[in-house]
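Report on the following structure.
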Amino acid sequence: MKHTFIATLLAATIALPAFAADYTIIAPAAPGGGWDQTARSLQTALQQEKISGNVQVQNVPGAGGTIGLAQFSSQAAGNPNSLIVGGYVMVGAILTNKSPVTLKDVTPIARLTGEYEAVVVPASSEIKTMADLVAALKKDPGSVSWGGGSAGGTDHITVGLIAKASGVDPTKINYVAFSGGGEALAAILGGQVTAGVSSYSEFESQVKSGTLRLLAVSSDKRIDGVDAPTLKEAGTDVTIQNWRMVAAAPGLSAEQVASVTADFEKLHSSATWQETLKTKGWADTYLSGDAFKAQLEKDVSATEGILKDIGLVQ
């Protein structure tokens, strides 16, 4: 009787579904920006889809994500439940800040989203079009201040490319870097900078409410539902797309990497995540495994070339 009870108990235990992994996601920026939005959207989707039982988000801002990256790579080593979001901004910041910790010190899992840049001014600004902004930039580059994310990130690169395409020395631009989207937005709305540059989703609600004027977007063609020309249409030959990714800790086994990757494959195909992409206006640029690692190496090399062109890296 005793043996029958134990056998029944063991069978019942084996039949129970395994508990989903609990994850902690580092957003290496202040609340309000793209990485914070990405981390919290992942938190919601992973939990709602029951891919993870419990997901916590921690903000570790500073230096284009390199402070959070350094903390993550040292403190989370070997922990398969620790994740960090990052992306194109981090690639540039690592090079600009000469960070001793790079993306080679983490385990890339997947590229998640892509988003185009938007150029905005306060609704009260005398600048009505992209042509007005470029004219002011040509007249006196230093008099036009640009508010955006961390130095060397996508926003900074975009401004440098706009200057270069307009025949202005990119090293003369007056770029004001902020560690989070919330801080940058406050400065733009408060008129502390001439113009703002960031991913469109970070400005969308203010554009729709009429407090910000959208001058142009950095896509190769007009974005559905967005009433603004591309930079090319506006006479500035620049196209650039920001992308965001998720990485795991260094020092994981092949089995642990496969398990985390499988969770994100499930996330990518889930209804919750697909609805999130639609709601946020994020392009689905999902890429994982060796294909993502190979693309990441290409992006790092290309970004280094761009940063040298615009004088941010020697």
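Key figures
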{"read-out": "Estimated translational D of region 23-153 in µm²/s (Stokes, Kirkwood radius over Cα pairs; 4 °C; 1.567 mPa s)", "value": "77"}
{"read-out": "Order of exposure, largest accessible area first, which applies to ARG222, ARG111, ARG40 with probe 1.4 Å", "value": "ARG222, ARG40, ARG111"}
{"read-out": "Region 188-314: radius of gyration over Cα atoms, expressed as a fraction of 2.2 N^0.38 Å", "value": "1.32"}
{"read-out": "Apportionment of accessible area to carbon and sulfur, the chain, percent (1.4 Å)", "value": "54"}
{"read-out": "Structure-based [θ]222 nm, the chain - -39500 (n - 2.57) summed over DSSP H runs of at least 4, per residue, nearest 500", "value": "-13000 deg cm²/dmol"}
{"read-out": "Listed residue pairs exceeding 27 Å between alpha carbons, taken from LYS164/LYS278; LYS172/LYS232; LYS232/LYS266; LYS139/LYS232; LYS172/LYS278; LYS232/LYS308", "value": "LYS164/LYS278; LYS232/LYS266; LYS172/LYS278"}
{"read-out": "Those lysines that a straight Cα-Cα span of less than 16 Å connects to LYS293, excepting residues fewer than 8 apart in one chain", "value": "LYS104"}
{"read-out": "Anchor LYS98: aspartates and glutamates whose Cα lies under 20 Å away (excluding residues fewer than 8 positions away in-chain)", "value": "ASP155, GLU297, ASP299, GLU304, ASP309"}
{"read-out": "Mean shadow area of the chain, taken as a quarter of the surface of its Cα convex hull (nm²)", "value": "17.7"}
{"read-out": "Cβ-based charge dipole, the chain, positive-most Cα from THR158, THR285, GLN256", "value": "GLN256"}
{"read-out": "Average projected area [Cα convex hull, region 115-234], square nanometres", "value": "6.5"}
{"read-out": "Whole-number Å³ per residue for the convex hull built on Cα positions in region 236-307", "value": "123"}
{"read-out": "1.4 Å probe accessible area per residue over the chain, in Å²", "value": "45"}
{"read-out": "Distance between region 155-229 and region 47-121 - C-alpha centres, whole angstrom", "value": "22"}
{"read-out": "Alpha carbon convex hull of region 168-260, volume per residue in cubic angstrom", "value": "185"}
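The values are calculated or read from the model by the stated rules, or taken from the named source; none is laboratory data. The model shown is predicted, which means the values in this text are computed figures rather than measured ones. For neighbour counting, all protein chains shown are included, and Cβ atoms are generated from backbone atoms with ideal geometry for every residue, glycine included. What goes into the accessible areas is simple: the full protein's heavy atoms, side chains included, and nothing from ligands, DNA or RNA. Shrake-Rupley method; radii C 1.70, N 1.55, O 1.52, S 1.80 Å.
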